[in-house]
Amino acid sequence: MTGKVTFVGAGPGAADLLTVRAVRAIEAADVVVWAASLVHPDVLEHARPDAEIVDSAKLAMEGVLPYYRRAADEGIRVARLHSGDPALWGAMQEQLERCRELGVPTEVIPGVSSFSAVAALVQRELTVPEVAQSVVLTRLGGGKTPMPPGEEVREFARHGTTMALFLSAARSGQLQQELLAGGYPPETPCVVAYQATWPDELVLRCTLGELEAAIKRHRLWKHTLVLVGPALEAGGTRSHLYHPGHFHEHQGVLPQPVPLDGGLQFAERAAQHQLVRP
């Protein structure tokens, strides 16, 4: 049997936010590696009774590598759980490189990120037409991992669009100052979410001018995400997607692909978005 290491996005907390593919990977695993400080224990309910459960919260990567080596040598299946989506601040890339060195096959399963979970909790679209059409995912500089040049919060803030700030609540004063310095007005709406989708979640609304005080008043240092931007309160705009003038509202269909020059290409009228009536 060929071994495998699967990096599983465990989502923001609630076990029922796992994807079907993530559940199947956990169910099939001989070893489940998880961080008790970041992943909700309900997620482990999907593991087999005979699966080996390893808490990586106090392990360096070198403490996890033996399980990847077993996957290569013994043919076992390892599910490595990452909070949120492993593509964001998951320290996944270095683990993938070690797995390749060991010659063990790998798979990555995306998960629900906390920024989208928080947007769902407050029932806000982060890309409101004519208000914000971009979302910046970043964190405050000055932590354990240095920020590359040009990736300062105040520089991103100059765009005035929606921002999701990870790993930044412990320095709320600096965060507020950089967002203001970047050009957000003090009345810009913010959402502060602690342990989103966990049983003890806390979701606060405030303005940017109140951000530092709100975070400190509730003593939110870890596991806290901040959303900021005008889209968090804006309304009254309308998307073209469901506008009556959009082609979806016409009783027609898009042009069908036609074979040209030995390949499948769209006819010229398709490029012009003309409708072919049935």
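The values are calculated or read from the model by the stated rules, or taken from the named source; none is laboratory data. This one's a predicted model, so the numbers in the text were calculated from it and none came from an experiment. As a convention, Cβ positions derive from the backbone with ideal geometry for all residues, glycine included, and neighbour counts pool all protein chains shown. Accessible surface is based on the protein model in full, side chains and every heavy atom, while ligands, DNA and RNA are left aside. Shrake-Rupley method; radii C 1.70, N 1.55, O 1.52, S 1.80 Å.
Among the residues here, residue 141 does not qualify as open to solvent by less than 40 Å² (accessible area, probe 1.4 Å), in a loop (DSSP other than H, G, I, E, B) and under 19 Å from residue 22 (Cβ atoms). The residues listed here are 32, 23; of these, the one that is in a strand (DSSP E or B), touching a helix residue (DSSP H, G or I) at 6+ places or on another chain (Cβ under 8 Å), in the same structural domain as residue 84 (by the TED database) and surrounded by 15 or more Cβ atoms within 10 Å (Cβ to Cβ) is 32. On the stretch given as region 136-157, residues that are farther than 13 Å from residue 226 by Cβ and touching a Phe, Trp or Tyr at 6+ places or on another chain (Cβ under 9 Å) total 1.
Condition (residue is at pLDDT below 95 and in contact with a helix residue (DSSP H, G or I) (Cβ under 6 Å, 6 or more places away or on another chain)) applied to region 106-125: is it met by at least one residue?
As a first pass, look at region 106-125 and keep what is at pLDDT below 95: none.
Within region 106-125 (the criterion being at pLDDT below 95 and in contact with a helix residue (DSSP H, G or I) (Cβ under 6 Å, 6 or more places away or on another chain)), the answer is no, since none of the residues qualifies.
Checking 111, 150 one by one, the residue that is within 30 Å of residue 205 (Cβ to Cβ) and assigned to a loop (DSSP other than H, G, I, E, B) is 111 and no other. Search region 56-69 for residues being open to solvent by 70 Å² or more (accessible area, probe 1.4 Å) and either touching a Lys or Arg at 6+ places or on another chain (Cβ under 8 Å) or not hydrophobic (A, V, I, L, M, F, W, C) (or both), and hand back the single one that is modelled with the highest pLDDT. Checked region 56-69; the qualifying residue modelled with the highest pLDDT is 69.
The single residue among 188, 207, 162, 197 that is surrounded by fewer than 17 Cβ atoms within 10 Å (Cβ to Cβ), among the hydroxyl-bearing types (Ser, Thr, Tyr) and under 24 Å from the mean Cα position of the chain (by Cα) turns out to be 207.
Select, from 22, 72, 51, 79, the only residue that is within 24 Å of the chain's Cα centre (by Cα) and more than 27 Å from residue 136 (Cβ to Cβ). Please lay out each step first, then the result.
Numbers: 22 fails: more than 27 Å from residue 136 (Cβ to Cβ); 72 fails: within 24 Å of the chain's Cα centre (by Cα); 51 fails: within 24 Å of the chain's Cα centre (by Cα).
The conditions single out 79.
Screening residue 62 against (1) more than 28 Å from residue 120 (Cβ to Cβ); (2) touching a residue at least 24 places away in the same chain (Cβ under 8 Å) leaves a single unmet condition, (2). Kindly evaluate residue 33 against the criterion of being modelled with pLDDT of 95 or more and within 18 Å of residue 89 (Cα to Cα). Yes; evaluated as a whole, the condition is true for this residue. Checking each residue in region 83-101 for being in contact with a Leu (Cβ under 8 Å, 6 or more places away or on another chain) and within 21 Å of residue 28 (Cα to Cα) picks out only 83.
Being in a helix (DSSP H, G or I) and among the basic types (Lys, Arg) is the filter; apply it to region 78-102 and report the residue that is surrounded by the most Cβ atoms within 10 Å (Cβ to Cβ).
98
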